[in-house]
Amino acid sequence: MTERPPQAFRVDDDGLGGAPGAALHGEVDLAAAAELEAAIDAAIRDSAGAFVLDLCDVEFLDSSGLNVLLRARALLGREERALAVICPPGAVRRLFEISGVADLFFLYGSREEAAAALVPADPDAPPEKE
């Protein structure tokens with residue numbers, strides 16, 4: 001049985017539920033980090049509100065890619081904007097966990113889970129009682 005070659009790295013414009021975002025594909029390593037950083041910076045700069053990064057199609061993420069995601073979180077945090085990361089269980093999710101940064105991100109296991117969390121509050125709903 002032959003192994004399929006790794007998917008080429010690419011970034012697509014891909015928001016969710018009205019929130020801007022990007023979907024990453026392939027291997028996110030040192031060779032892709034500069035391209036990823038430029039793409040995310042431009043997407044953040046040209047958007048407002050919560051931002052979504054979809055890692056469902058990422059086959060490999062190394063520390064340089066993780067650093068780019070931490071930088072994106074910091075850029076968004078300066079403007080009090082949230083970063084939602086769609087990252088199903090697997091090797092990429094384990095990197096967030098073993099590196100100790102999982103708690104710094106809003107991690108969702110699927111696009112559906114993230115979309116449900118991104119639903120804006122109903123402005124006509126009565127305030128919650130304590």
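What follows draws every value from the coordinates through simple rules; no lab data is involved. Please read these numbers as outputs of a predicted model, since none were measured by experiment. Counting neighbours? That spans all protein chains shown, and the Cβs are built from the backbone with ideal geometry, glycine included.
Listed values, structure above:
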{"item": "Lys/Arg +1, Asp/Glu -1 at C-beta; the chain dipole; positive extreme among Leu66, Ala48, Leu118", "result": "Leu66"}
{"item": "The range 9-54 versus the range 86-118: alpha-carbon centroid distance in Å", "result": "15"}
